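Right, one structure below, let's go through it.
The values are calculated or read from the model by the stated rules, or taken from the named source; none is laboratory data. Since the model is a prediction, treat every value here as computed from it, not as a measurement. Neighbour counts are summed over all protein chains in view; Cβ atoms, including those assigned to glycine, are modelled from backbone coordinates with ideal geometry. In case anyone asks, the SASA skips ligands and DNA or RNA and just uses the protein heavy atoms, side chains included. Shrake-Rupley method; radii C 1.70, N 1.55, O 1.52, S 1.80 Å.
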Amino acid sequence: MILNCYIIDDEPLAIRLLESYVNKTSFLHLQGSCTNAVTALADLSEKSVDLLFLDIQMPELNGLEFSKIIGDRCRIIFTTAFEQYAVDSYRVNALDYLLKPIAYPDFLNACEKACQWYELTDNTARKKEELKSIFIKTDYKLVQIELDKILYVEGLKDYVKIYVENEPHPILSLMSLKSLEDVLPSDRFIRVHRSFIVQADKIKVIERNRIVFGKQYIPISDSYKSNFQAMINQRSITGKS
């Protein structure tokens with residue numbers, strides 16, 4: 001596995017050191033580096049990056065603020081000279097925290113953690129992709145539902161309603177929407193609202209920020225709009241004017 005990485009640090013010497021470490025690590029590929037976090041935001045939007053080496057104390061936009069902006073777009077290893085940021089770095093779900101001056105063995109150990117994380121994630125995603133159907137408990141029995149036939153899922157307080165093609169009524173099951181979301185393949189099913197998951201291939205019409213399934217209108221909430229829009233962009237063809 002090769003991880004594409006990127007370095008952000010306002011100290012050129014620190015960047016050069018990390019670049020030298022990346023270049024001698026066989027499973028890393030350097031996609032770029034930047035001394036300014038604001039500039040890096042635009043650069044990262046045009047690159048495929050798996051692993052980000054991110055300084056914390058920087059002008060204009062510090063590393064902790066930067067990590068919240070990019071979210072789950074890539075995994076982060078913080079690099080800093082200040083030990084007091086350790087707790088904060090794990091609160092934003094960083095993979096690791098390297099204290100300057102950074103020794104190569106510590107750098108390598110952090111990168112191996114990143115590699116293990118991606119291998120585990122890939123294996124989990126592969127298993128989900130292989131799923132053809134799921135068993136759902138409903139009315140004291142187990143019912144097998146083909147994933148290809150699921151239109152969307154609605155979450156109630158302690159229940160979910162699974163809407164299936166050619167079925168007059170949804171299948172009701174006692175479980176949380178999150179537990180079902182964890183099972184469904186993320187490349188096919190997308191959360192669009194705290195109460196709704198839809199199968200992307202089943203979307204026919206989007207009208208006024210709502211997904212239309214017959215007479216049912218499913219709202220796309222602000223919290224999930226960016227992920228949904230990214231999915232739509234990948235599937236959209238824009239003609240030249």
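Projected label points at residue 186 and residue 68, each 7 Å from Cα along the beta carbon direction, are separated by 2.2 nanometres. Shown for the chain: the carbon plus sulfur share of the solvent-accessible area, taken with all protein chains present and a 1.4 angstrom probe, equals 49%.
For q values of 0.07, 0.16 Å⁻¹, compute log₁₀ I(q)/I(0) with the Debye formula on a Cα-only model of the chain, without solvent. Log10 I(q)/I(0), no solvent term: -0.33, -1.11.
Mean separation of Cα pairs under 8 Å and 6+ residues apart, divided by the residue count of the range 1-103: what relative contact order is that in percent?
On the way: 170 pairs, mean separation 24.8, N = 103.
Result for the range 1-103 is 24 percent.
Within the same chain, lysines fewer than 8 places from residue 141 are excluded, and of the rest, those with a Cα less than 18 Å from its Cα are 161. If the segment from residue 174 to residue 119 were pulled out straight at 0.36 nm per residue, it would be longer than the present Cα-Cα gap by 16.6 nm.
Ignoring ligands, DNA and RNA, what accessible area per residue does the chain give at 1.4 Å, in Å²? Walk me through the intermediate numbers first.
On the way: 14370 Å² over 241 residues.
Result: 60 Å² per residue.
Distance check, please: which entries in 132/178; 149/225; 24/68 exceed 26 angstrom between their Cα atoms? 24/68, as the Cα separations exceed 26 Å there.
Here, the range 1-54 has an Rg and a Dmax of 10.6, 30 Å when only alpha carbons are counted. Here the Karplus relation 6.51 cos²θ - 1.76 cosθ + 1.60, evaluated at θ = phi - 60°, turns the backbone of the range 33-40 into coupling constants of 8, 7, 9, 10, 5, 5, 5, 5 Hz, with x for every Gly and Pro.
The peptide list 206-215, 99-108, put in order of mean Cβ contacts within 10 Å with the highest first, becomes 99-108, 206-215. For a paramagnetic label modelled on residue 231 (point 7 Å from Cα along Cα→Cβ), amide N atoms under 18 Å away belong, within the range 48-78, to 72-73.
Nearest 20 debye, what's the magnitude of the dipole of the chain about its Cα centre given +1 on Lys and Arg Cβ and -1 on Asp and Glu Cβ?
On the way: 30 positive and 33 negative charges, 228 e Å.
Dipole size: approximately 1100 debye.
The mean sequence separation of alpha-carbon pairs under 8 Å and at least six residues apart, normalised by the residue count of the chain, gives a relative contact order of 10 percent.
Run the helix sum for the chain: -39,500 (n - 2.57) per DSSP H stretch of 4+ residues, divided by residue count, reported at 222 nm to the nearest 500 deg cm²/dmol. Don't skip to the answer; put the middle values down first.
Working: 7 runs with 82 residues, N = 241.
Rounded to the nearest 500, it is -10500 deg cm²/dmol.
3J(HN,Hα) along the range 213-225, derived from phi through the Karplus expression 6.51 cos²θ - 1.76 cosθ + 1.60 where θ = phi - 60°, amounts to 10, x, 8, 9, 10, 9, x, 9, 7, 4, 5, 10, 5 Hz, with x in place of Gly and Pro.
Partners of residue 113 within straight-line reach, counting aspartates and glutamates whose Cα lies under 17 Å from its Cα and excluding those fewer than 8 residues away in the same chain: 50, 72, 96, 122. FRET efficiency for the pair residue 217 and residue 146, taken as 1/(1 + (r/R0)^6) with r the Cβ-Cβ distance and R0 = 22 Å, rounds to 0.30.
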